[in-house]
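The structure appears below as structure tokens.
The values are calculated or read from the model by the stated rules, or taken from the named source; none is laboratory data. Just so you know, these numbers come straight off a predicted model, no measurement behind them. Every residue, glycine as well, gets a Cβ built from its backbone with ideal geometry; the counts of neighbours run over all protein chains shown. For the accessible areas, the whole protein counts, side chains as well, though only heavy atoms, and no ligand, DNA or RNA atoms are used. Shrake-Rupley method; radii C 1.70, N 1.55, O 1.52, S 1.80 Å.
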Amino acid sequence: MTLTSDEIQAILREARHFPHPSAAAIEALNVVQRSHGWISDELLQEIAELLGMSPAELDSIATFYNLIYRRPVGRRVIHYCNSVSCWMLGAEDNRRHLSEKLGIAVGETTGNGEYTLLPIVCLGACDKAPVLMIGDETHFNVDPARLDDILGETGAP
Amino acid sequence: MDKPLTRNIKSDGSTVTLAEYLASGGYEGLKKTLAEFAPLDVQQRVKDSGLRGRGGAGFPTGLKWSFVPMGEDAPRTKYLVVNGDEMEPGAFKDRLLLEGDPHQLIEGVVIAAYAIQANIAYVFLRGEYRLAAARLRQAIAEAEAQGLLGEGILGSGFSLDLRLHTSAGRYICGEETALLNSLEGKRANPRAKPPFPQVSGLFGKPTIVNNVETLCNLPHILRNGVEWYKGLSRTGEPGTKIYGVSGRVRSPGAWELPMGTTAREIIEEHAGGMRDGYRLKGYLPGGASTDFLLPEHLDIPMDYGSIGKAGSRLGTGTMILLDDKTCPVQMVLNLERFFAQESCGWCTPCRDGLPWTVSLLEGLIEGRGRPEDLATLERLCGLLGPGNTFCALAPGAMEPLQSALKYFRADFERYLQPQTTRGGMYA
Amino acid sequence: MPDKIVGNDFGPPKAGPKDGLQGGSPHKIVGNGFGPPKAGLHIEIDGKSHPVKAGENLLQAILSLGLDLPYFCWHPAMGSVGACRQCGVIQFKDANDAQGRVVMACMTPVAEGMRISLQGPDAKAFRAGILELLMTNHPHDCPVCEEGGECHLQDMTVMTGHTVRQYRGLKRTHRNQDLGPFINHEMNRCIACYRCVRYYQDYCGGDDLQVFASHNHVYFGRQEDGVLENEFSGNLVEVCPTGVFTDKTFSRHYSRKWDLQTAPSVCVHCGIGCNTSPGERYGSLRRIVNRYHGEINGYFLCDRGRFGYGFVNGPARLYQARSAETGPLDVSTAENRLRAMLEDAKGIVGIGSPRASLEANFALRERVGAERFHAGIGDAEHGCLRTLLDLVRNLPLHLVSLREAERADAVLILGEDPTQTAPRLALALRQAVRNRALAIADELGIPHWQDAAVREAAQAEKSPLFIASPAPTRLDDIAARTCRASPRTIARLGFAVAHGICPEAPAVMGLTPEHEALAAEIAQALTSAERPLIVAGTGCLSEDVLRAVGQIAAALAAARPGRATAVHFAVPECNSLGLALMDAQSLAHAAHTIESGEADTLLILENDLYRRADRTTVDALLTRARQVIVIDHTLHATAERAHLVLPAASFAETEGTLVSSEGRAQRFFAAMQPAGDSRDGWRWLGPWPCLDDLTRALADSLPVFQQITACAPGAAFRIAGQKIPRQPHRYSGRTAMLADIRIHEPKQPEDTDSALAFSMEGAANDHPPALNPFVWAPGWNSNQAVGKFQDEAGGHLSGGDPGIRLIGDGAGTGLPWSVPPETEASIADALRLVPLHHIFGSDETSMHSSAVAERAPHPYVALNPEDAARLGLAEGEEVELAPDVWLPVKCLPGLAAGIAGVPAGLPDLPVPVTAWQSWKPNKPGDETS
Ligand SMILES: Cc1cc2nc3c(=O)[nH]c(=O)nc-3n(C[C@H](O)[C@H](O)[C@H](O)COP(=O)(O)O)c2cc1C
Ligand code: SF4
Ligand code: FES
């Protein structure tokens, strides 16, 4: 796993916006994760070098944030909101349904590497609770029946 | 009824294009500002308008700006930062504005930046708002192409470079000084105040952080004037407010209404009232970090002062309703888990006090509670209170708990009884 | 040449000659009204008015008043960040406010008339509550924790009164890391005060210790297992308020603080003179901890100083006298043998030592006569030290303390890598570059103690630091500019700087345009600074470089009439400067004396000559001498060739005086009885009944040492008729310690050489700072007790920081301008050798500590990659440095061209670089030159 030249260019472009390159750390992690799915130790090291930081400095930042993955995840991460409004309106039913349907517990990835199931805090759509994100897409007013539809669409097992 | 902020927002969820925005009188406020007002005039107007920050704390916007060093001796670089982190459970108003009418925000940003003479602005957007990010990026490009952003805006001498930062996710990033650290590519620990960001903010330079909704008010204030703005409200606090309702109501949602509309009106007229079979037991008027209010408070105007007097906070103005079939203790547990997980880990009371709170509530619910636990919870509410912690996260976290202990004491005590005699009040 | 000097840039030195004798009270009396008036303000604490200093925060002020208030994240050297929330007090709005509100003392500036309460029930409940929260995850493993008994967390727990635990939940657990030979890691004990990372990153500039994750999962460690790279990592042991980071070398022979016998001592591993407290148990030296000194080391030591003590109990330690013919000797035989050999001698050449005390060296000098007393250091170093002293004596130079160095606002380093040669100085220079940040903070009205805010406001702005050195240095990351050049070129740059400052100083011809520009920039920075500082030393063994420093100093003094120029000269060993002040002869002179037959006996004190000159020369000298006698604590190559070896006490077992690179004479004391048959070096040499007599004799015979008797109170000093105990009053098991051998409690040994006793009985309080073995105060069992011994938080020791400055007070009035050295001729196919110093490796004694040895480099010859390519040499390829000494090539990017760098002082590298000699590399198969 190494950085592509596109990624390197994108990172350097971001870095130029700031008084010093390490300020682009989060942008850089986002850029790389978008294409690689997660941040491996090797990638972390390369990004750190590019930004003139030690790997430890960058990891200190990477491990702080919820959306940076330092372990492999599936091609699509299912983030189900477990905050208050969704919790009240059935987030747990959805979670159970997903776990059963995909055969994974929270934090796990399906055998075919397609899905990882993770909780997430309020997605800012409480009026359409329960809400979940699959990859980049947000789904509203989700219930187990709708989940079957959605996962059907996106090619679930 | 005037709905300046949401007038363009379409019900089908699509966004407002630049052409549409211009056709609706968009960027008129900016034009007028650049043509007619000096930066300090803009500050004065906003001060006169009485606009208060919509990020939750309700700090007067014009007053906040006035702490920025101005004039010849002021530092060359200053920043304006848009707080679009919106991660507090129950809050979903900024998403509406960001997705629905991004140009309105951009116009507000340019006006605010002009007022404090900042030449670089950032939108700090929570990472999960992918649609908002795409639309905002598009809108920024359109605005740049039309000379509404960039060098010499609308032929004036004022330039502004507007950049979009998408966050990697953490509630604490919404706290304005933590946000600045995050924008600098660091861990989002909050900073001590003083020094205030207005003096030493992003990269040590004078910086203003304003909420999305706050900034969206500016084009209208500048275009239509202070008196008009004050006239929008039903109470002494000016303007409109985007109120929201989530929970077991017939039609949850967000509506722009005159400041000071009552919760009863919002819930009953706009949200369609409680769903069949459910009664309102209490509500968090301004999001997860505000104190519970009871049905008896429903007729209080939803503005900063009135809600404050009732013992809670207007916060973001987005209500979360507790119904009679939901256990308040479990609801509070859900909230506290959120806050414990989202603590940045910097100060002791928050980092270690919230997990203890969670473990006490879990123990209670799982039948391991002891009578003294309620006193411990109360003690934690005090220990994690305002001033005791490094930032406002933990005190906010304690608001629903302390008020639940006050209003729903019986529900807590019920868990101290043996399981068999507890009775099946909730599902 | 400059006028008479009226002052330096750093104010009068705080410690006057008499300070060591005053016996000031360590436990402060609160508000007795007789203390020195503090600038300005009064605050009311629990109804009583107290004077405080403007600009301080409340916590500093409260602690400075001698009151107790618990804290964790604040540190006097690192300021406030307000993270732990432990220092809460109640502040009242005005005279009528009875309620008040909690504020963090460390984040609250003092203000005139401020009313606060420390003791009010709300304040106490708040602090107990915070402590209770900290303890929710702490494992309470005090019985097996090495911090137990000197744990700040324990002290604060008791202080807050949190005793009964309510928390019933699970505790979070962490995996620990292997952090290398120095430091243990036990993360479960962490209370997340963030001190470690703030110390390591912000204070030391390290980037491999970080905080990871968030909320109550925060983890303090490395990204992966591995050695903590920073040279000051050992201070984590003292910076961490609990047992997360502990001393790994101590673990192997652990003892509780209260069971350690301790003495005030001085570090013997470089010339800086940091103050230490060595601790002994069962006759072995167990550890070294920092001993606060307000002008030198403050709170921090370097890792060489902390972990280099292993030689005291090491495998090469000499416990018995031995003769080359008969092997081990008992004491009286050894004494007789020594007497016989000296009587039999046809002239004795005495060779002293820069790692032995003034007294031991003087004893030798007295034994052999001034003419026959030799310094026992390499001739190049000898020349450098002479030049250095010449400058110090004759120019308006002020030798700065480290506290003063920290205040410098422009620094020029010539030819030195301070991290390797004078480590603690490097840490001080790292603070010096922050003066620009503090100035920016002043402009914005941010108090200096608002640590995070000052850093944020200043961003990357730094005070200028220029480094001209042959090889990359560990301070390059904070340098405004670096210049890599040969020592000669560095000297020429220095002369050009002097000319840039004062046009009367001779110009340097033929400088490259880059060096021309750099010299101008440096000259500009130094002249426009308020407190410029020049750092140099013996590191690259160049007298030219030292002359250049003299030139700059003179130029600056000329440009700033009435001000002495601040200089720090790094010297290699703990008494290099003291020995130099004795005006001893050179090693070449010793060789000549033996060679010419004027003398036939070598009497060598604490010195391994093989470190001082090349093998052939030393072999010849030792062969030529009919009798060779070595007195030392450690067996080395020279001792192996001696006819008689006499075991000497190590620094931990003897006392004496050392002169630091600051020109400060300091007394160190024995923490323990000499091991085996070893005894004070001077006791083998002369008739002095006790140390005071010897010290006085020295003071009387050499005027420069006139004041050294006042470094510390003498052996007759008593407090209320009592000596000062080396053992804490809680010292346990004394009567049973030897019960497996004998059931009678042995009589405690007498100490006739100092006012300290090998005992737990004696005067518990009011120790003069120079005689204070350890810090301990009621309620303060940890090292943070030091606050009770300071005149203010982080200030000077009450009663004065120990030591007497002998030289370098800026009184010199002038030397003629000196002539810049010529451009050096390039030498075809050859390189010039320069020594490259290593904090772990270049110091003789610390390399006997396995932990330090583990960190030392393997021998190498470093070349600039282009030079290597030009010479056809590849990385790792073996080349012949000297006859039969083959070393691998190391390509060192950034090394100056035309130079070959050889590690200085490595034990398995018997070829010390003695001079600026040229060297032509041979590869295997080449014809040997
Ligand atoms: C824990 C925490 C989270 C916050 N999150 C947000 C947020 O997501 N969006 C926001 O605008 N303000 C948030 N705030 C408030 C900001 O700190 C700040 O007051 C606000 O952005 C200022 O903008 P305004 O003056 O326009 O309201 C948060 C505050 C705290 C303590
Ligand atoms: S490891 Fe020690 S010093 Fe670091 S934060 Fe934890 S308790 Fe503090
Ligand atoms: S010492 Fe004051 S908050 Fe930590």
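For the range A:133-142, enumerate the residues that are closer than 12 Å to A:Gly90 by Cβ and within 11 Å of another protein chain (Cβ to nearest Cβ).
The initial filter retains those residues of the range A:133-142 that are closer than 12 Å to A:Gly90 by Cβ, namely A:141-142.
Answer for the range A:133-142, where residues must be closer than 12 Å to A:Gly90 by Cβ and within 11 Å of another protein chain (Cβ to nearest Cβ): just A:Asn141.
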Could you tell me which of the residues B:Glu362, B:Glu399, B:Glu336 is assigned to a helix (DSSP H, G or I), of a type in the set (D, E, K, R) and away from chain C (no Cβ under 14 Å)?
B:Glu399
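Taking only the range C:358-380 into account, find how many residues are under 21 Å from C:Leu702 (Cβ atoms) and open to solvent by 10 Å² or more (accessible area, probe 1.4 Å). Quick ask: steps written out before the conclusion?
Let us first name the residues in the range C:358-380 that are under 21 Å from C:Leu702 (Cβ atoms), namely C:358-377.
From what's left, open to solvent by 10 Å² or more (accessible area, probe 1.4 Å): C:365-372.
The total comes to 8.
It is to be established whether one or more residues within the range B:200-214 are assigned by TED's automatic domain parsing to the domain that holds B:Gln104, within 28 Å of B:Pro69 (Cα to Cα), without any contact (Cβ under 8 Å) to a residue 12 or more places away in the chain and part of a loop (DSSP other than H, G, I, E, B). Steps first, answer last, please.
Residues of the range B:200-214 assigned by TED's automatic domain parsing to the domain that holds B:Gln104: B:200-214.
Retained after the next criterion (residues that are within 28 Å of B:Pro69 (Cα to Cα)): B:200-214.
Next, from what is left, pick out any that are without any contact (Cβ under 8 Å) to a residue 12 or more places away in the chain: B:200, B:204.
Keeping just the survivors that are part of a loop (DSSP other than H, G, I, E, B) gives B:200.
Scanning the range B:200-214 turns up at least one residue that is assigned by TED's automatic domain parsing to the domain that holds B:Gln104, within 28 Å of B:Pro69 (Cα to Cα), without any contact (Cβ under 8 Å) to a residue 12 or more places away in the chain and part of a loop (DSSP other than H, G, I, E, B).
Out of B:Arg126, B:Arg54, B:Arg137, I need the residue that is more than 16 Å from ligand 2 (Cβ to nearest atom), assigned by TED's automatic domain parsing to the domain that holds B:Gly157 and surrounded by fewer than 19 Cβ atoms within 10 Å (Cβ to Cβ). Which one? Before the answer, list the steps.
Values: B:Arg126 fails: surrounded by fewer than 19 Cβ atoms within 10 Å (Cβ to Cβ); B:Arg54 fails: surrounded by fewer than 19 Cβ atoms within 10 Å (Cβ to Cβ).
Selected residue: B:Arg137, the only one of B:Arg126, B:Arg54, B:Arg137 that is more than 16 Å from ligand 2 (Cβ to nearest atom), assigned by TED's automatic domain parsing to the domain that holds B:Gly157 and surrounded by fewer than 19 Cβ atoms within 10 Å (Cβ to Cβ).
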Going through the range B:14-41 in order, the residues found to be more than 19 Å from B:Ala112 (Cβ to Cβ) and in contact with a Leu (Cβ under 9 Å, 6 or more places away or on another chain) are B:Thr15, B:Leu18
Does C:Leu153 satisfy being part of a helix (DSSP H, G or I) and open to solvent by less than 30 Å² (accessible area, probe 1.4 Å)?
yes
Count, please, the residues in the range B:199-235 that happen to be open to solvent by less than 40 Å² (accessible area, probe 1.4 Å), within 13 Å of another protein chain (Cβ to nearest Cβ) and in contact with a Ser or Thr (Cβ under 7 Å, 6 or more places away or on another chain).
1
Yes or no: C:Ala441 part of a helix (DSSP H, G or I) and at pLDDT 95 or above?
yes
Here the qualifying pairs (Cβ atoms under 7 Å; residues six or more apart or on different chains; first in the range C:178-198 and part of a loop (DSSP other than H, G, I, E, B); second among the basic types (Lys, Arg) and within 16 Å of ligand 1 (Cβ to nearest atom)) come out as C:Ala192/B:Arg351
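I'm trying to understand the selection: among the residues of the range B:236-254, which are closer than 21 Å to A:Cys86 by Cβ and open to solvent by 10 Å² or more (accessible area, probe 1.4 Å)?
Residues of the range B:236-254 closer than 21 Å to A:Cys86 by Cβ: B:242-254.
Hits for the range B:236-254 are B:Arg248, B:Arg250, B:Ser251, B:Pro252, B:Ala254.
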Looking at C:Arg115, C:Arg85, which one is open to solvent by less than 30 Å² (accessible area, probe 1.4 Å) and basic (Lys, Arg)?
C:Arg85
Restricting the search to the range B:141-178, which residues are more than 24 Å from B:Glu128 (Cα to Cα) and assigned to a loop (DSSP other than H, G, I, E, B)?
B:Gln146, B:Gly147, B:Leu148, B:Leu149, B:Glu151, B:Gly152, B:Ser156, B:Gly157, B:Phe158, B:Ser159
So, of the residues in the range C:227-281 that are within 14 Å of chain A (Cβ to nearest Cβ) and open to solvent by 20 Å² or more (accessible area, probe 1.4 Å), which turns out to be nearest to ligand 3 (Cβ to nearest atom)?
C:Glu229
Spans of strands (runs of 3 or more DSSP E) in the range C:56-145 with at least 2 residues more than 13 Å from ligand 3 (Cβ to nearest atom):
C:88-92, C:115-117
Of B:Leu377, B:Leu401, the only residue that is in contact with a helix residue (DSSP H, G or I) (Cβ under 7 Å, 6 or more places away or on another chain) and closer than 28 Å to C:Leu153 by Cα is B:Leu377
Return the residues of the range A:45-66 that are more than 9 Å from chain B (Cβ to nearest Cβ) and over 23 Å from B:Gly345 (Cα atoms); say none if nothing qualifies.
A:Gln45, A:Glu46, A:Ile47, A:Ala48, A:Glu49, A:Leu50, A:Gly52
Complete set of residues in the range B:377-411 that are over 18 Å from C:Asp122 (Cα atoms), out of contact with any Gly (no Cβ under 8 Å at 6 or more places or on another chain) and open to solvent by 20 Å² or more (accessible area, probe 1.4 Å):
B:Cys391, B:Ala392, B:Glu399, B:Gln402, B:Lys406, B:Arg409, B:Ala410
Name the one entry in B:Leu374, B:Leu322 that is more than 20 Å from the chain's Cα centre (by Cα) and buried (at least 21 other Cβ atoms within 10 Å of the Cβ).
B:Leu322
Residue under question is B:Val249, and the condition is that it be within 14 Å of chain A (Cβ to nearest Cβ), under 22 Å from A:Asn30 (Cβ atoms) and among the β-branched types (Val, Ile, Thr); does it hold?
no
So B:Arg76, is it in a helix (DSSP H, G or I) and within 14 Å of chain A (Cβ to nearest Cβ):
no
Just wondering, is there one or more residues in the range C:95-108 that are within 16 Å of ligand 2 (Cβ to nearest atom), under 30 Å from C:Tyr731 (Cβ atoms) and of a type outside the set (Val, Ile, Thr)?
no
Any chance the range A:143-157 includes a residue that's hydroxyl-bearing (Ser, Thr, Tyr), open to solvent by 30 Å² or more (accessible area, probe 1.4 Å) and either more than 14 Å from chain B (Cβ to nearest Cβ) or out of contact with any Ser or Thr (no Cβ under 9 Å at 6 or more places or on another chain) (or both)?
yes
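Is there a residue being more than 29 Å from C:His217 (Cα to Cα) and not assigned by TED's automatic domain parsing to the domain that holds A:Asp41 anywhere in the range A:67-89?
The first filter runs over the range A:67-89 and keeps only residues more than 29 Å from C:His217 (Cα to Cα), leaving A:89.
If we keep only those that are not assigned by TED's automatic domain parsing to the domain that holds A:Asp41 too, we end up with A:89.
Yes, because at least one residue in the range A:67-89 is more than 29 Å from C:His217 (Cα to Cα) and not assigned by TED's automatic domain parsing to the domain that holds A:Asp41.
May I ask you to verify whether B:Leu314 is buried (at least 22 other Cβ atoms within 10 Å of the Cβ) and either more than 8 Å from every other protein chain (Cβ to nearest Cβ) or modelled with pLDDT under 95 (or both)?
Working: buried (at least 22 other Cβ atoms within 10 Å of the Cβ): yes; either more than 8 Å from every other protein chain (Cβ to nearest Cβ) or modelled with pLDDT under 95 (or both): yes.
The answer is yes for B:Leu314.
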Could you check the range C:823-849 and list, in sequence order, the residues that are open to solvent by 60 Å² or more (accessible area, probe 1.4 Å) and in contact (Cβ under 8 Å) with a residue 24 or more places away in the chain?
C:Thr823, C:Ser826, C:Ile827, C:Asp829, C:His848
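Yes/no per residue for (1) modelled with pLDDT under 95; (2) assigned by TED's automatic domain parsing to the domain that holds C:Leu427; (3) among the aromatic types (Phe, Trp, Tyr):
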| residue | (1), (2), (3) |
| --- | --- |
| C:Glu147 | no, no, no |
| C:Val158 | no, no, no |
| C:Gly169 | yes, no, no |
| C:His174 | no, no, no |
| C:Asp178 | no, no, no |
| C:His185 | no, no, no |
| C:Arg198 | no, no, no |
| C:Asp202 | no, no, no |
| C:Tyr219 | no, no, yes |
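Is it the case that C:Asp753 is touching a residue at least 12 places away in the same chain (Cβ under 8 Å), more than 20 Å from C:Lys257 (Cβ to Cβ), surrounded by 21 or more Cβ atoms within 10 Å (Cβ to Cβ) and of a type in the set (Asp, Glu)?
Numbers: touching a residue at least 12 places away in the same chain (Cβ under 8 Å): yes; more than 20 Å from C:Lys257 (Cβ to Cβ): yes; surrounded by 21 or more Cβ atoms within 10 Å (Cβ to Cβ): yes; of a type in the set (Asp, Glu): yes.
Against the criterion (touching a residue at least 12 places away in the same chain (Cβ under 8 Å), more than 20 Å from C:Lys257 (Cβ to Cβ), surrounded by 21 or more Cβ atoms within 10 Å (Cβ to Cβ) and of a type in the set (Asp, Glu)), C:Asp753 qualifies.
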